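Input: a single structure, listed below in structure tokens.
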């Protein structure tokens with residue numbers, strides 16, 4: 001009995017671009033600027049209708065950064081990039097003909113709790129839809145990952161300023177209601193200005209949802225004790 005023939009593998013939009021529309025060279029340029037152990041996660045190219053007067057822009061999400069390559073008319077290319085830790089916001093706009101990716105980024109030291117400075121908006125118009133969505137998903141995942149890293153770092157810094165204590169594993173009963181009055185109550189109780197400042201910092205982190213109610217109560221108890 002003859003075995004049924006399997007269907008041929010489906011060609012993705014990315015492979016069609018590389019095979020049918022001359023993107024082998026720009027993809028080779030892209031891979032040539034990757035550093036050792038850096039992996040290419042997703043990439044997107046502008047549709048031809050959005051680049052009638054210049055060569056198309058290629059944008060790529062890697063394991064460490066967002067890269068875009070602008071190829072010159074007479075040969076060569078320019079490379080720009082944004083580190084994931086500098087990413088502040090990413091927006092995707094999908095239309096009838098293509099998708100626009102808008103990225104806002106600043107410049108900050110790794111895991112710096114003070115955040116990025118000098119924000120700038122980068123616009124990448126007219127990208128192929130499926131490719132742009134793939135790049136967008138990686139941008140969102142990296143943004144969330146670095147937000148969590150900064151949250152943990154800020155919490156560690158606050159713990160250090162509060163005396164270097166460790167959070168209890170079981171958690172305490174949260175009491176966010178009325179916590180806004182803690183700094184004033186601390187002053188009334190005769191605490192020094194440093195203790196009041198640490199309480200205000202803890203309250204700010206609670207309001208910004210950087211710490212939980214139980215973590216706030218543990219910090220407050222440590223300071224008041």
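Structure notes:
- Spin-label proximity, residue 141 to the range 30-45 - amide N less than 13 Å from point 7 Å beyond Cα toward beta carbon: 39-43
- Fully extending the segment from residue 63 to residue 193, taken as 0.36 nm per residue of separation minus the present Cα-Cα distance, adds 42.4 nm.
- Using distinct alpha-carbon pairs, which all enter the 1/r mean, Kirkwood radius of the range 44-99 in Å: 12.9 Å
- Computed label-point distance, nm, for sites residue 130 and residue 38 using a 7 Å Cα→Cβ extension: 2.7 nm
- Taking label positions 7 Å along the Cα-Cβ direction at both residue 48 and residue 213, the computed distance is 6.1 nm, reported to one decimal.
- Approximate spin-label separation residue 121-residue 31, in nm, with each point projected 7 Å along Cα-to-Cβ: 3.6 nm
Laboratory data are not the source of any read-out in this text; all were calculated from the coordinates shown. All values reported here derive from a predicted model rather than from experimental measurement. Because the Cβ atoms are built from the backbone with ideal geometry, glycine has one as well, and the counts that use them run over all protein chains shown.
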